[in-house]
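Below is one structure, written out as structure tokens, with a few remarks after it.
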Amino acid sequence: MIEKREFYIGGAWVPPSVARDHAVINPTTEEPCAVISLGDKADTDAAVAAAKAAFPGWAATPPKERARLVAGILVQYERRLQEFAEAISMEMGAPIDFALAEQAPCLPWHTTNFLKAFEEIEWVRPLGDHAPGAAVAMEPIGVVGLITPWNWPVNQIALKAIPAMLAGCTCVLKPSEEAPLNAMLFAEFCHDAGIPAGVFNLVNGDGAGVGSQLTTHPDVEAISFTGSTRAGIAISKAAADSLKRVMLELGGKGANLVFADADDKAIERSVRRMMENSGQSCNAPSRMLVERSIYEDAVEKAAAVANSIKVGPAGSPGDHIGPVVNKSQWEKIQGYIHKGIEEGGRLVAGGPGLPEEFNRGFYVKPTIFADVKPGMTIEKEEIFGPVMAMIPFDSEEEALTIANDTVYGLTNYVQTTDAERANRLSLKLKAGMIEMNGKSRGAGSFFGGVKQSGRAREGGVWGIEEFLESKAISGYDFSIAAE
């Protein structure tokens, strides 16, 4: 049993002010794998105070020096990659090969992209030739609270803590209590990289405790949150009293438009993308809209792919998917599967209950419903599990209407070899991100949505600027500043 009860505050690991043990459950075994502490208000206050004290010095640190120190985190990551991936696998159920290949590498991927974008930031920039002496200065916002989820834990830490520190902000991280071990290792990376005391702090806790305390704390200037839309709304309301900047990355219900001229691999890659990470991705292509002329063939292919995907223990090597994170999530997904059957969806793969070979572990069968009608529960609500809905359409206009008829707007997908159609749809689909024909977003692009998916822009220069304030200056002498 791993025991990690301390918090990282002011450059040191310190005991909690009040003993509040919390068991971290391994979703493969349903048994505790670690014990952490849940923070109290005194712990949150101490972490914010440490961040506030460190802010003036860190903000005044030359950008090149901040970049050098942050880049040192990658050295620590490389030294402890295996340990890092094993922690992720154990606490949230990602198969170990997937944790090594996809989950853990989110840290170097985003950090490298941020460091490249950071080189291009102009800290004091002229307004334009039309306004001599007019300048805009970019300055760190201050102490920021970072609240991250369990599904892609390192990904979200990297998308928040790295740009915050580069920008000159100091931060307090509250990782998910479901998957805190990787975050505590990240804190060790920061410490061993020489990040100054108080620049990065970590307090474990739940949303009602440490999460709410950060959101309402008068010395926290901004909150960056990734999680459910319901929680994001609550955070926005709570932060309003202190007029904090709030950056939200929330849920999704991605539409994947598959046309008759899509390439031969479109169905397979779409299903595998949906089932990746056991469906626990807010940008999963969970609604597959298929042109009617190829619909039945697509249903047959999709079912075959889903049935070929293996489910297995997180600790075992292989390309299988693992369990979902906890019992509550498993039960929620089962409820959606039963609802899909009740509302008339045609179950073509998977279904309710554990896979036959398991009697424990929070495993969900890769599940596909065909003949789903717009408005059905499984078409409207985010399931956050390996469950996909297939819907036929007759025209591009109908597909666009169905795709946009959602409260969410994170990622939509297009599968067509018609370049004009692809371009046209990319501009008409209401989402923060559009991925076409299996092509991933470019390095340095942002991640973020619209509508109830939140409007954060995480990644690249946009992700750094989320943590900067702009200041308009008149009468600035650029010739002196350049000397």
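Taken together, the values in this text are just the output of simple stated rules run on the coordinates, not laboratory data. These numbers come from a predicted model, not from an experiment. Methodologically, a virtual Cβ is constructed for each residue, glycine included, from the backbone with ideal geometry; neighbour enumeration extends over all protein chains shown.
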The range 352-378 and the range 389-409: distance between their alpha carbon centers, rounded to Å
22
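Mind checking the dipole of the chain: about its Cα centre, +1 per Lys or Arg Cβ, -1 per Asp or Glu Cβ, Debye to the nearest 20?
Values: 45 positive and 62 negative charges, 104 e Å.
The calculation lands at about 500 debye.
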With every atom except the alpha carbons ignored, what do you get for Rg and Dmax of the range 255-436, in angstroms?
15.7, 50
If you split all Cα-Cα distances of the range 392-483 into 5 Å bins from zero, what percentages do you get per bin, shortest first?
3, 11, 16, 18, 14, 10, 7, 5, 6, 5, 3, 1, 1
For E469 paired with E357, estimate the spin-label separation in nm (one decimal), with each label point 7 Å from Cα along the Cα-to-Cβ line.
5.7
For the range 200-316: span of alpha carbons on each principal axis (Å, largest first)
58, 36, 21
Note down, for the range 55-124, the three equivalent ellipsoid semi-axes (square root of 5 times each alpha carbon gyration tensor eigenvalue), biggest first, whole angstrom.
30, 13, 10
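Given contacts defined as C-alpha pairs under 8 Å and at least six residues apart, what's the relative contact order of the chain, whole-number percent?
On the way: 1108 pairs, mean separation 89.8, N = 483.
Relative contact order for the chain comes out at 19 percent.
Taking the DSSP beta bridges in the chain as the whole, what percent of them are antiparallel, to the nearest 5? Show your work: numbers first, answer last.
Working: 23 of 63 bridges.
For the chain, the DSSP antiparallel bridge percentage is about 35.
Please work out the ratio of the alpha-carbon Rg of the range 362-416 to 2.2 N^0.38 Å and round it to two decimals. The partial results should precede the final answer.
On the way: Rg = 12.2 Å, N = 55, 2.2 N^0.38 = 10.1 Å.
Taking N as the residue count of the range 362-416, the ratio is 1.21.
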From the alpha carbon gyration tensor of the range 1-136, can you work out the equivalent ellipsoid semi-axes (sqrt of 5 times each eigenvalue) and give them in Å, largest to smallest?
37, 23, 13
Charge tally for neighbours of V14 with beta carbon under 13 Å away, counting Lys, Arg as +1 and Asp, Glu as -1, is -2
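With a 10 Å Cβ neighbour count serving as the proxy for reagent exposure, in which order, fewest first, do S224, S426, S440 appear? Each step should come with its number before you reach the end.
Numbers: S224 27, S426 14, S440 7.
Ordered from fewest to most neighbouring Cβ atoms within 10 Å, S224, S426, S440 come out as S440, S426, S224.
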Can you give the FRET efficiency for A260 and V18, using 1/(1 + (r/R0)^6), R0 = 56 Å, r = Cβ-Cβ distance, to the nearest 0.05?
0.35
Hey, could you get me the Stokes-Einstein D for the chain, Kirkwood radius over alpha-carbon pairs, 10 °C and 1.306 mPa s, rounded to whole µm² s⁻¹?
68
In this model, which of K253/K451; K339/K380; K237/K327; K327/K365; K253/K332 are farther than 21 Å apart at the alpha-carbon?
K237/K327
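What does the helix-only formula give at 222 nm for the chain: each DSSP H stretch with n ≥ 4 adding -39500 (n - 2.57), the total divided by the residues, and the result rounded to the nearest 500 deg cm²/dmol?
Helix-only estimate at 222 nm: -11500 deg cm²/dmol.
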